[in-house]
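Below: the structure, in structure tokens.
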Amino acid sequence: MTNQTNHINKTAIITGASRGIGAAIAKKFASCGYNLSLCCRSSSDTLKELAGELHGNYGVDVLCYTGNVGDFCFAQDMITKTISHFGHIDVLVNNAGISHIGLLSDMTPEEWSNIVSVNLTGVFNFSKLIIPHMVAEKSGRILQISSVWGNVGASCEVAYSACKGGINAFTKALGKELAPSHIPVNAIACGVIDTDMNRCFDEAERAELADEIPAGRFATADEVADMAYSVITASDYLTGQIITFDGGWI
């Protein structure tokens, strides 16, 4: 049986990697010797700067792509080129996501379609395309970065909650589907993480929110990255799980 540790250098695809959780996961994986294929929607200069940093610090090979993960042709092109370059893909981290805050009644159909395309269809695109390669290798790991709002829902974030809830159900179902092939599929349901997405709050709001969390603080992106690495290096018996990472908040 082929195992990902048989490869001289393991390879990971990470979507939404130019900043925040995605960039932190890229740094963690690079520090552990992974070659990387990274993408972002528009911050190509930032992503290339990160790639240069990772190559310089850890000597890993890093590919960069810019596009919409909800576009099937973009996902197909990125995965095809990644496999052509590295020969294999050991890990897929579906991290790309966008938020939308507001009443559902005020949301336009275009806004709905956009958030579903990025947050949910992107997970489908990359997973669908990468599965045949992992099955052929009889090895691989798929990890989604989800949210506690996918577990319980959030007022004024109905579309975001729906997407993350969909990702959670997707993960449970696909975990069952791929378990016979020894390809674990899991998700991390994040609570409040100190990233740009949550910097819409002022200092008073941040303090009030932190007080609601039993751990007393927001998590860092690096902590999520450490958890992500722990999940993808765990036994393949861990599959179809939604691992809540929220400091006891929900």
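The values are calculated or read from the model by the stated rules, or taken from the named source; none is laboratory data. Quick caveat, the model's predicted, so the values are computed rather than measured. As a convention, Cβ positions derive from the backbone with ideal geometry for all residues, glycine included, and neighbour counts pool all protein chains shown.
What to note about this one:
- Close Cβ contacts (under 7 Å, 6 or more residues apart or on different chains) running from residues in the range 153-170 that are assigned to a loop (DSSP other than H, G, I, E, B) and acidic (Asp, Glu) to residues that are crowded, with 19+ Cβ neighbours inside 10 Å and modelled with pLDDT of 95 or more comprise GLU157/TRP149.
- In the range 143-185, the residues that are among the aliphatic types (A, V, I, L, M), surrounded by fewer than 17 Cβ atoms within 10 Å (Cβ to Cβ) and under 18 Å from TYR237 (Cβ atoms): ALA173, ALA179
- THR66 vs. criteria hydroxyl-bearing (Ser, Thr, Tyr), surrounded by fewer than 21 Cβ atoms within 10 Å (Cβ to Cβ) and either in contact with a strand residue (DSSP E or B) (Cβ under 8 Å, 6 or more places away or on another chain) or closer than 23 Å to ILE193 by Cα (or both): yes
Here's the yes/no breakdown for (1) surrounded by fewer than 23 Cβ atoms within 10 Å (Cβ to Cβ); (2) more than 27 Å from ASN168 (Cβ to Cβ); (3) within 17 Å of the chain's Cα centre (by Cα); (4) modelled with pLDDT under 95:
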position	(1), (2), (3), (4)
ASN9	yes, yes, no, yes
ILE13	no, no, yes, no
ILE25	no, no, yes, no
LYS28	yes, no, yes, no
GLY33	yes, yes, no, no
SER84	yes, yes, no, no
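- Annotation: HIS133 fulfils all but one of (1) surrounded by fewer than 20 Cβ atoms within 10 Å (Cβ to Cβ); (2) outside any helix (DSSP H, G or I); the unmet one is (2).
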